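To start, the structure under review is shown below, and the notes come after it.
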Amino acid sequence: PDVLLALGAKRRKDSNKLPVRGKKRLEATGCEREKQLIYKKQDQSQAILAEERLIKLSHLSRGHWNDQTLLAEIHSKKGGHWNYFGYSKGDIEVLQPEEAVYLIEIGALELCYKGLPLSLQQAYSIILTKTFPFYKYQVYCHLLRLGFIVKRHLPARLKDNKELKTKLGDEGNLSKENSIPLVTPVDATTSGNDKILSKLQIIKSASIMEVATSAEIHTDDGIDFDVYLPNSNFKKVNFGSPNITVKVARYEDPFPSGSSIAKLISNCKPIPLKWALNDNGDITFYSFDEMDIPVLN
């Protein structure tokens, strides 16, 4: 997964998408070079928006948006997308909002609302504004374009890892049985106070698991996506454990507390957890790793 995420970082200047403007960091100077850059960006945007998109009707799936269930109900399925998208609800094949909008965006779905086909802009407005934050949708699309299979997170998919987590915890406890005392009675007569305090290491470090145990438990664990590597044997009826899980945050969001980070990592173990930081469409992935810092005597 890390290799694919790294490749995605190199493809951000793709010619088939609108230029990313990002946050304005400097005041306008009014110089000629600055004006030329602005005009160039405007021309690029206009050229992309003016491009005609030709779609074969034989390749186009069709459905309608249900405002009551907040799901897209599909009447006709075309193409290979249905190996990874949607699920069956009774006798109907349905799509989550983000799945439906993405398929509209790539020209694979015609979705009607109140009898009329939705444009992409209308889909953003009618579907995403009610159901799914746009900054999370951007991360969802980014992962799909890298080739991953992406699903909304379900804690049940991580249950298979509970036994492994318990086993790892037991192995950690066994290591404490053969402990060696840091200070012996001899040290009281042969060593100074500074040396004794150094041996005791009175500032106790804490592992991620220990911090997570003391953290508050929330109903919503905050994880957004379960992500799978490309796999021709992937089955919608039984996804299995994901390869990575993803938590999405915006650049302007407050930094999470240490206990919150530890809790999320603990909930996912041993599945790696990645933080996707979205800065106005510029997406970067981070992870938090546990490590021991050597103590200098």
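Values quoted throughout were computed directly from the atomic coordinates according to the rules given, and no laboratory measurement underlies them. Note that the coordinates shown come from a computational prediction; the quantities given were computed from them, not determined experimentally. Glycine also receives a Cβ, built like all others from the backbone with ideal geometry; neighbour counts cover every protein chain displayed.
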TODO: Could you list which residues have their amide H under 5 Å from that of His153, counting only those 5 or more apart in sequence or on another chain, with H placed in the peptide plane?
DONE: Phe225, Asp226
Task: Cross-link pairs Lys56/Lys236; Lys89/Lys235; Lys56/Lys136; Lys136/Lys263; Lys77/Lys235 - those with Cα-Cα distance over 19 Å - done: Lys56/Lys236; Lys56/Lys136; Lys136/Lys263
Open item on the list: If amide hydrogens are placed 1.01 Å from N in the peptide plane, which non-local residues have theirs closer than 5 Å to the one on Asn280?
Closed with: Tyr251
- [ ] Go through the stretch 49-143 and name the trypsin sites (Lys or Arg not before Pro) that are in a DSSP coil and have 10 or fewer other Cβ atoms within 10 Å of their Cβ.
- [x] Arg53, Lys56, Lys114
Task: Convex hull (Cα only) mean projected area of the stretch 30-112, reported in nm² to one decimal - done: 8.1 nm²
- [ ] With θ set to phi - 60°, apply the Karplus curve 6.51 cos²θ - 1.76 cosθ + 1.60 along the stretch 235-244 and write out the HN-Hα couplings as whole Hz, x wherever there is a Gly or Pro.
- [x] 10, 5, 6, 8, 5, x, 6, x, 7, 9
Task: Evaluated over the stretch 226-297, the Cα radius of gyration and Dmax, each in Å - done: 15.7, 56
Open item on the list: What are the ³J(HN,Hα) couplings of the stretch 83-97, residue after residue, when phi is run through the Karplus curve with 6.51, -1.76, 1.60 and θ = phi - 60°? Round to Hz, x for glycine and proline.
Closed with: 6, 10, 9, x, 7, 8, 10, x, 9, 10, 8, 10, 10, 5, x
TODO: Taking the Cα centre of the stretch 48-90 as origin, work out the dipole magnitude from +1 charges on Lys and Arg Cβ and -1 charges on Asp and Glu Cβ, in debye rounded to 20.
DONE: 220 debye
